[in-house]
Amino acid sequence: MRIWCFTCFGEEKEEDSKDMSEEGILGNAIEGGGGGGGGAAAAADDDEMENEEDSEGGEKEGILIEEVNLQLGLFDEPSSSASALLEMEDFDRDSHNKRPKVQSFSLDWGIHFDNELSYVAPIYKDGGIDYQPESGVTIDDERNDNSTSKVEDLEVRMDLTDDLLHMVLSFLDHVDLCRASGVCRQWRAASSHEDFWRCLNFENKHISPAQFEDICQRHPNATALNIYGTPSIHLLLMKSVSYLRNLEVLTLGKGQIGETFFQALSDCHMLKCLTINDTTFGNGIQEISVYHERLRVLQIVKCRVLRVAIRCPQLEALSLKRSSMPHVVLNCPLLRDLDIASCHKLSDAAIRSAATSCPLLKSLDMSNCSCLSDETLREIALTCGNLHILDASYCPNISFESVRLPMLTILKLHSCEGITSASMDAISHSYMLEVLELDNCSLLASVSLDLPRLKNIRLVHCRKFIDLNLRSSMLSLITLSNCPSLQRINITSNILKKLVLQKQESLTTLALKCQCLQEVDLTECEALTNSICEVFSDGGGCPLLKSLVLDNCESLTTVSFCSSSLVSLSLAGCRAITSLELRCPHLEQVSLDECDHLERASLCLVGLRSLNLGICPKLNVLDVEAPQMALLELKGCGVLSEVSIKCPLLTSLDASFCSQLKDDCLSAITASCPLVESLVLMSCPSLGPDGLLSLHWLQNLTYLDLSYTFLVNLQPVFLSCSHLKVLKLQACKYLADSSLEPLYKVGALPALCELDLSYGTLSQSAIEELLAYCTHLTHVSLNGCVNMHDLDWDFGGNEILEKPRPHGLSDGDKQPHRLLQYLNCVGCPNIKKVVIPPKAQCFYLTSLNLSLSANLKEVDVASCNLCFLNLSNCCSLETLKLDCPKLTSLFLQSCNIDEEAVEAAISCCSMLETLDVRFCPKICPMSRRLRAACPSLKRIFSTLVPS
């Protein structure tokens with residue numbers, strides 16, 4: 001992206017639009033700073049030069065214009081951008097076919113140009129135009145004979161309307177406006193609009209007095225000026241006073257000013273706001289005298305002077321913050337806001353004199369005034385009866401006793417060492433008080449206030465604070481933290497909605513009467529007792545409570561809540577709780593993480609949709625009645641023996657490792673939860689046939705996990721779970737070979753798709769028959785089957801596919817293809833051979849995992865849709881034959897197979913993308929043979945060889 005900059009910025013009033021005959025050429029549209037007819041003169045001179053050159057046939061030259069550079073920098077050298085344009089001049093003269101050319105500035109050119117304000121003005125010398133090439137950018141204008149067609153060809157038309165352009169330019173600062181003014185006449189006129197130059201902001205800009213004077217002459221109607229951080233600030237101030245008669249807001253700082261500025265300040269009759277920040281005073285000035293009739297806001301911040309005298313009858317706000325001065329004289333009868341914060345040298349008498357001389361004060365900031373005393377506060381209270389805001393923070397000598405400020409609304413007393421419980425008596429007389437801040441008041445022991453308008457109170461890091469008693473119908477925010485001695489809290493409020501009392505380690509008593517309280521956080525209040533439950537139950541004073549956090553309250557042992565409004569309850573980390581009873585019909589979320597000692601739980605008529613009690617290993621008795629609950633996890637409740645679950649909408653139940661769960665409990669659960677779809681009973685050894693027969697109540701059951709149980713017969717499952725799709729029987733070592741025969745002999749579980757028999761003891765023949773006749777299975781897992789020797793589906797081998805059909809199945813029932821998609825035989829120690837030929841009809845097989853089969857020697861797979869094959873850690877693998885055109889991932893990690901065998905195997909895999917041969921000792925990691933054998937390979941993972 002490039003920005004085209006046309007240097008045609010002038011300041012004069014334009015009347016050349018009536019006189020110019022060629023207004024399309026941007027090079028001739030430049031107007032000077034001399035007179036109103038500068039542009040017309042330039043155009044006339046241009047035509048005269050052109051005619052003269054055409055007649056003589058001599059060398060043609062363009063108009064030479066000097067750029068007056070308002071460069072806001074600390075140096076006088078020409079910018080690198082101007083030099084670059086001059087160097088490009090000769091090259092562009094030839095390449096542009098003698099047409100007026102416009103140089104382009106790339107975006108990276110702005111690094112040096114960011115602090116520049118530039119405008120172009122012709123300098124007339126002896127009746128002509130003087131040219132100084134080192135002063136700025138040149139615009140060459142080489143002409144041919146046909147000047148009329150040249151004007152028509154090079155005319156630049158802007159499609160932006162004046163209103164739209166005005167809106168676009170309103171987003172630019174003054175530096176960018178000066179750049180935009182050089183584009184064309186329309187942009188120059190638009191960028192000079194008074195709307196953009198009413199507020200002159202030169203903060204931290206390097207602008208010379210001449211440049212500043214020129215801008216002030218251009219825009220005398222400016223109303224705001226900011227020259228903070230500019231050099232020669234005193235000269236700029238004097239020029240602004242002279243030229244900007246409508247100035248209303250003036251900001252200055254980071255410089256040195258003289259006394260003459262304050263003497264001339266009265267000449268700015270329209271001035272309303274003056275800000276002097278971080279400024280030094282030259283010529284040994286010891287006193288600042290500010291006299292002005294209309295000044296309303298004055299800020300003298302971070303300035304060092306001996307004495308300040310201010311006489312401004314209209315002044316309403318005065319700030320002397322962080323200024324070092326021992327004396328202040330004020331004559332400002334209408335002053336409303338006074339800020340003398342951090343004026344450390346200001347004596348107590350000076351503070352008293354300044355504040356009491358302004359009887360209409362509403363806001364007073366005296367923070368960090370170390371000399372402030374109670375006597376001064378009492379004088380201020382008597383004089384300033386309308387004082388609303390008082391900040392006396394970090395004043396160590398005040399106790400606020402006997403100070404009466406009835407109209408006070410905001411009081412800040414941070415880190416006031418003299419504030420004690422006796423100070424609260426004086427504060428209680430401020431019946432209009434809305435905000436009270438008492439942070440780091442180290443001697444404050446108790447606060448007892450009855451203020452009807454109090455809205456906000458802060459008590460942070462009050463080390464000796466013990467008792468808090470607040471009564472306010474308007475109280476809406478309490479910030480109370482790190483008060484290690486706090487023991488008792490009593491709060492009455494009609495609009496308080498949130499209460500946070502974290503880490504109050506000594507808090508034992510909490511009394512709340514808050515009709516609108518909705519959120520309470522009592523995290524790590526370790527001393528809270530069981531009586532806290534009464535506070536947050538119905539009738540306890542918080543009828544609208546929705547969220548309660550009692551995390552890490554380690555003194556709670558028996559928790560019982562009966563609340564009609566509670567929605568969320570967190571008891572995480574409450575390790576001492578042994579009994580939990582909840583009767584909360586709208587309760588939707590409860591957290592019991594790390595409640596390691598919970599033994600009894602009763603959740604009756606709760607609105608929970610899910611519940612996880614698996615993190616309560618000592619849970620013995622459970623009673624759940626939740627009409628909306630859909631998910632219940634009891635995983636790991638090893639001693640759970642008494643269970644009553646009444647959840648009519650329950651769809652998922654995980655009772656893994658519930659070793660004490662018996663048939664009668666399971667029967668009761670299935671009868672009361674008829675919509676269960678997923679049931680996990682892993683490692684429930686106490687379950688028998690009677691419990692499994694009760695599953696007939698679950699007509700929607702599709703997922704059943706009976707892994708690690710002592711089942712001998714699956715007949716109850718076949719009879720009661722007719723819609724089952726997933727059956728997991730991992731490590732069911734007591735199942736006989738004949739236990740699975742109903743699957744393919746009588747068509748039991750017709751919807752079954754996934755069967756997991758991992759780590760079982762089924763024989764080779766039982767596995768072969770299952771794979772041969774259960775062609776409707778899509779997922780089969782035989783991981784860790786020690787009795788599985790070979791997986792050979794070749795008709796010349798075991799010929800399991802040609803065995804007679806079981807009784808009850810005719811040849812017409814035989815499916816043309818297997819539906820098997822995923823076959824997992826991970827860690828089968830005795831399997832030696834896997835052969836899956838095309839005759840096996842495994843057309844849908846997409847994933848085959850044989851990893852960790854240490855004795856596997858031969859793999860011969862032909863499958864048209866196989867995508868994933870994992871043979872990692874098959875250290876005995878010798879033969880690999882693959883006819884898998886769609887295979888994309890092959891893992892051979894830690895296999896002792898030859899590189900030639902791998903090369904031959906992958907040569908038939910035209911879509912292979914990922915090959916893992918890490919830790920394969922017979923495969924050279926630097927070899928390119930594998931990639932040559934399979935050009936489709938994108939990733940080959942191999943072990944790096946140290947150099």
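The values are calculated or read from the model by the stated rules, or taken from the named source; none is laboratory data. This is a predicted model, so every value here is computed, not measured. Quick reminder, even Gly has a Cβ in these numbers, built from the backbone with ideal geometry, and neighbours come from all protein chains shown.
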Just give me the residues in the range 862-879 being surrounded by fewer than 20 Cβ atoms within 10 Å (Cβ to Cβ) and of a type outside the set (S, T, N, Q), in sequence order. A862, C864, C867, F868, C875, E878
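Mind listing just one residue for me: the one in the range 656-672 that is among the aliphatic types (A, V, I, L, M) and surrounded by 16 or more Cβ atoms within 10 Å (Cβ to Cβ) and, of those, nearest to the chain's Cα centre (by Cα)? Please lay out each step first, then the result.
Within the range 656-672, the first condition is being among the aliphatic types (A, V, I, L, M), and the residues that meet it are 661, 666, 668-669, 671.
Applying the additional criterion that residues be surrounded by 16 or more Cβ atoms within 10 Å (Cβ to Cβ) yields 661, 666, 669.
Details: L661: 46, L666: 47, I669: 45 Å.
Residue satisfying both the conditions and the ranking: I669.
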Picking from L675, L650, L695, L679, which residue would you name as being in the same structural domain as G638 (by TED's automatic domain parsing), in a loop (DSSP other than H, G, I, E, B), crowded, with 21+ Cβ neighbours inside 10 Å and not basic (K, R)? L650
S473 being surrounded by fewer than 16 Cβ atoms within 10 Å (Cβ to Cβ) and outside the structural domain of C542 (by TED's automatic domain parsing): yes
Given the residues P806, P829, which is the only one that is in a loop (DSSP other than H, G, I, E, B) and modelled with pLDDT of 90 or more? P829
Being surrounded by fewer than 16 Cβ atoms within 10 Å (Cβ to Cβ) and within 20 Å of T778 (Cα to Cα) is the filter here, so list the residues in the range 698-748 that pass it. S722, H723, V746, G747
Please give the strands (runs of 3 or more DSSP E) falling wholly within the range 518-603 in which 3 or more residues are farther than 26 Å from L632 by Cα and without any contact (Cβ under 8 Å) to a residue 40 or more places away in the chain. 519-521
Give the residue, chosen from K728, K745, K733, that is touching a residue at least 60 places away in the same chain (Cβ under 8 Å), out of contact with any helix residue (DSSP H, G or I) (no Cβ under 7 Å at 6 or more places or on another chain) and not aromatic (F, W, Y). K745
Can you pull out the residues in the range 471-495 that are assigned to a strand (DSSP E or B) and either within 14 Å of L449 (Cα to Cα) or of a type in the set (K, R) (or both)? R471, I478, R488, I489, N490, I491, T492, S493
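Only one residue in D916, D883, D898 is acidic (D, E), at pLDDT 90 or above, in the same structural domain as L823 (by TED's automatic domain parsing) and within 42 Å of the chain's Cα centre (by Cα), so which one is that? I'd like the intermediate steps shown before the answer.
Numbers: D883 fails: within 42 Å of the chain's Cα centre (by Cα); D898 fails: within 42 Å of the chain's Cα centre (by Cα).
When all the criteria are applied, what remains is D916.
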Does S363 count as among the hydroxyl-bearing types (S, T, Y), within 25 Å of V460 (Cα to Cα), surrounded by fewer than 19 Cβ atoms within 10 Å (Cβ to Cβ) and in contact with a Pro (Cβ under 9 Å, 6 or more places away or on another chain)? no
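On the basis of being closer than 18 Å to C884 by Cα, in contact (Cβ under 8 Å) with a residue 12 or more places away in the chain and surrounded by fewer than 22 Cβ atoms within 10 Å (Cβ to Cβ), does E899 make the cut? Before the answer, list the steps.
Working: closer than 18 Å to C884 by Cα: no; in contact (Cβ under 8 Å) with a residue 12 or more places away in the chain: yes; surrounded by fewer than 22 Cβ atoms within 10 Å (Cβ to Cβ): yes.
So E899 fails the test.
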So for the range 620-628 (the condition being among the charged types (D, E, K, R), outside any loop (DSSP other than H, G, I, E, B), farther than 18 Å from C673 by Cα and touching a Cys at 6+ places or on another chain (Cβ under 7 Å)), does at least one residue qualify? no
Scanning the range 862-897 residue by residue, the ones that are in a loop (DSSP other than H, G, I, E, B) and either hydrophobic (A, V, I, L, M, F, W, C) or over 21 Å from Y844 (Cα atoms) (or both) total 19
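What number of residues within the range 553-568 satisfy the criterion of being closer than 16 Å to L528 by Cα and of a type outside the set (S, T, Y)?
Looking only at that region, the number is 5.
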Scan the range 405-432 residue by residue and report those that are in a loop (DSSP other than H, G, I, E, B) and either of a type in the set (S, T, Y) or touching a helix residue (DSSP H, G or I) at 6+ places or on another chain (Cβ under 7 Å) (or both). L405, T409, S415, T420, S421, S428, S430, Y431
Looking at L611 and the list (1) surrounded by fewer than 18 Cβ atoms within 10 Å (Cβ to Cβ); (2) assigned by TED's automatic domain parsing to the domain that holds K662, which single condition is not satisfied? (1)
Would you mind finding the one in L501, L454 that is in contact with an Asp or Glu (Cβ under 9 Å, 6 or more places away or on another chain) and either among the β-branched types (V, I, T) or closer than 24 Å to R378 by Cα (or both)? L454
Any helices (runs of 4 or more DSSP H) falling wholly within the range 126-225 and containing at least 1 residues that are modelled with pLDDT of 70 or more and on the phi < 0 side of the Ramachandran plot: 162-169, 174-180, 185-191, 209-218
